[in-house]
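Colleague: Just passing along the structure, written as structure tokens.
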Amino acid sequence: SFRQTPHTFLGTFHSRMPFDAKKKNVADDYDPELEAEKEFESHSNGSGGSGRKKSATSNGVEKNGKDGGETGEETKSGDAISLGSQGKPSVVYKEAKASRKKRCRGVSGSSIKKDGGRFDYGFDNRDDYDDVSEDEMDDMARYVKDNYNGHIFDSESDDFSNDGFRENSPLPETALRLQKCLIEAIKDPNAQEALHSMTEVLIEFFDEKARLETIEKALDDTILHDDWTTSGAVDRMAEYKTVSLLAKIIDQGLISVDAFDAHFKRNPGDSQTLRLMQCAVGFYQSNAPELQGDLLSEPPKEFSDIAEDLCRSGEVSCVKEALLGCPFLHADVIYQVCNNSTNSMNMDVIFNASKTFKDLISEKVMTVAAINAGVSRFLTELRDTEVDLPAASSLAFLLVSYCIESPACIDYNVYRKCPRPRKFLRKRTASSGRLSIREDANEDCTESNYLEVA
């Protein structure tokens, strides 16, 4: 069973160090931004502030020098700073003002435009960037514009604010705040602030019934829109961390097991939300190691094997029992099946993967929400996948086309996340599902002509 699989622990609780008054000036008139500007200003002059003392003149203007007798027009190192004259513009002032503008545009004063978009392409240093020609960057920018603009990700739509949360969410205000706390908490579930922020929202309700209803509303909306993915990078363990946090809430005494049981009786459905809530009760009752902060850092190897078996054979009955016990890993299994099937470059394997998804739903092993989340995360990483698999967009489009066919196993909004095909594909022979990239085409690749079947 899952509880018997080897655990890779994430570590102990993280806590923020208190503010050190001995190292920082905490006077009422202390302004850290101004101090940072002064420090940056001194470094920008090339001196780093070494060997200089500041002294105030009678009119309150500071000047630099080794003693109070120097005029400030020139230091021992020969740096011209012109701080003594208020009648003409200061060179340092102009440079500092320009530096502030630069720092507002990007990291360490570098704007993305200035660096040619190297951050967009994942280059860690300029040496990597210099190896890329302007033509290659133009080709990539043109491809992203042509292929991905029509198939937007949820986080890029107008419905989302700058912090990744939907501005027109139908959730009540309290449920929305709990949802935000939950999404932030799973980034580091062992941090003290993770559980504390969720607790602050829940204690606003005096009865457990209202608390559970708020949790269900927040989880329902998060799962429906896969906000775990749209708020940031793909987190393969998002549902697992959520279950662990809910189990800790039970352990803290905020909600009793009896209240959960009563909630399940009032809501006898089989949604992904209720499955995760039931797992949280199971974690608590079995005194799972997650209650002490021992969390898995990645899915167990057994579930990678399950994904390979589903992709290869499509036999749901062989893995049904293992999957039913761990609904918090369903989306990751689907994510791995998507990757394995497209990497096979085999039309039959891709079709069988979509058929397996439909069988998992019809046999009530997984919910549509879990399939949606797994496929959505696969599509979110598609741009990176194309680096190693040039035909990834065409193979992904073939997969979602099978999935959306009746009976559909994914929602249409997930289907829309897939970019249009970029490479022409050809089925090699009538008896084999092997696909190859066709380079002899003299037309634009579209959804209607990307695939040639022998």
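The values are calculated or read from the model by the stated rules, or taken from the named source; none is laboratory data. Just so we're clear, the structure is a prediction, and the values are computed from it rather than from any experiment. Every residue, glycine among them, receives a Cβ derived from its backbone with ideal geometry; neighbour counts consider all protein chains shown. Protein only, heavy atoms only, side chains kept; ligands, DNA and RNA dropped before computing areas. Shrake-Rupley method; radii C 1.70, N 1.55, O 1.52, S 1.80 Å.
Colleague: Could you list, in sequence order, the residues of region 367-424 that are of a type in the set (Phe, Trp, Tyr) and out of contact with any Phe, Trp or Tyr (no Cβ under 9 Å at 6 or more places or on another chain)?
Modeller: Within region 367-424, Tyr412, Tyr415 meet the criteria.
Colleague: Which condition does Thr229 not pass, out of (1) at pLDDT 90 or above; (2) within 18 Å of Arg377 (Cβ to Cβ), if it passes all the others?
Modeller: (1)
Yes/no matrix, rows are residues, columns are (1) touching a strand residue (DSSP E or B) at 6+ places or on another chain (Cβ under 7 Å); (2) acidic (Asp, Glu); (3) closer than 30 Å to Asn339 by Cβ:
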{"site": "Gln192", "(1), (2), (3)": "no, no, no"}
{"site": "Val201", "(1), (2), (3)": "no, no, no"}
{"site": "Ile223", "(1), (2), (3)": "no, no, yes"}
{"site": "Glu239", "(1), (2), (3)": "no, yes, yes"}
{"site": "Ile255", "(1), (2), (3)": "no, no, no"}
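Colleague: If you scan region 166-222, which residues turn out to be within 18 Å of Val243 (Cβ to Cβ), open to solvent by 20 Å² or more (accessible area, probe 1.4 Å) and hydrophobic (A, V, I, L, M, F, W, C)?
Modeller: Within region 166-222, Cys181, Leu195 qualify.
Colleague: Here's something else I'd like to know. For the list (1) assigned to a helix (DSSP H, G or I); (2) closer than 18 Å to Met366 by Cα, I need the number of the one condition that Lys241 fails.
Modeller: The one condition Lys241 does not meet is (2).
Colleague: While we're looking at this one, here's another question. For region 385-415, what are the residues that are farther than 22 Å from Gln272 by Cα and touching a residue at least 60 places away in the same chain (Cβ under 8 Å)?
Modeller: The answer is Ser393, Leu399.
Colleague: Let me ask you something else. Taking the condition assigned to a helix (DSSP H, G or I), of a type in the set (Ser, Thr, Tyr) and buried (at least 18 other Cβ atoms within 10 Å of the Cβ), does Ser401 pass?
Modeller: On the way: assigned to a helix (DSSP H, G or I): yes; of a type in the set (Ser, Thr, Tyr): yes; buried (at least 18 other Cβ atoms within 10 Å of the Cβ): no.
Here the answer is no, as Ser401 does not meet what is asked.
Colleague: Residue check: is Val201 assigned to a helix (DSSP H, G or I) and over 24 Å from Ile361 (Cα atoms)?
Modeller: Details: assigned to a helix (DSSP H, G or I): yes; over 24 Å from Ile361 (Cα atoms): yes.
In short, yes.
Colleague: Residues that are surrounded by fewer than 17 Cβ atoms within 10 Å (Cβ to Cβ), in contact with a strand residue (DSSP E or B) (Cβ under 6 Å, 6 or more places away or on another chain) and at negative phi: list the helices (runs of 4 or more DSSP H) wholly contained in region 270-341 that include at least 3 such residues.
Modeller: In region 270-341, there are no helices (runs of 4 or more DSSP H) which contain 3 or more residues that are surrounded by fewer than 17 Cβ atoms within 10 Å (Cβ to Cβ), in contact with a strand residue (DSSP E or B) (Cβ under 6 Å, 6 or more places away or on another chain) and at negative phi.
Colleague: Any chance region 430-437 includes a residue that's part of a helix (DSSP H, G or I), modelled with pLDDT of 90 or more and crowded, with 18+ Cβ neighbours inside 10 Å?
Modeller: no
Colleague: Can you list residue pairs whose Cβ atoms sit under 7 Å apart, with the first residue in region 260-283 being within 12 Å of Thr242 (Cα to Cα) and hydroxyl-bearing (Ser, Thr, Tyr) and the second being open to solvent by 40 Å² or more (accessible area, probe 1.4 Å) and part of a helix (DSSP H, G or I)? Count only pairs 6 or more apart in sequence or on different chains.
Modeller: Every condition considered, the pairs that remain are Thr273/Asp220.
Colleague: Oh, and also: Being under 22 Å from the mean Cα position of the chain (by Cα) and either at pLDDT 95 or above or surrounded by 15 or more Cβ atoms within 10 Å (Cβ to Cβ) (or both) is true for just one of Ala408, Ala391, Ala396. Which residue is that?
Modeller: Numbers: Ala408 fails: under 22 Å from the mean Cα position of the chain (by Cα); Ala391 fails: under 22 Å from the mean Cα position of the chain (by Cα).
Going through Ala408, Ala391, Ala396 in turn, the sole match is Ala396.
Colleague: State whether one or more residues within region 275-292 are closer than 30 Å to Ser431 by Cβ and out of contact with any Gly (no Cβ under 8 Å at 6 or more places or on another chain).
Modeller: Pass one, region 275-292, residues closer than 30 Å to Ser431 by Cβ: none.
There is no residue in region 275-292 that is closer than 30 Å to Ser431 by Cβ and out of contact with any Gly (no Cβ under 8 Å at 6 or more places or on another chain).
Colleague: Would you mention how many residues in region 352-382 are touching a residue at least 60 places away in the same chain (Cβ under 8 Å), open to solvent by 40 Å² or more (accessible area, probe 1.4 Å), assigned to a helix (DSSP H, G or I) and closer than 19 Å to Glu315 by Cβ?
Modeller: Final tally of qualifying residues: 0.
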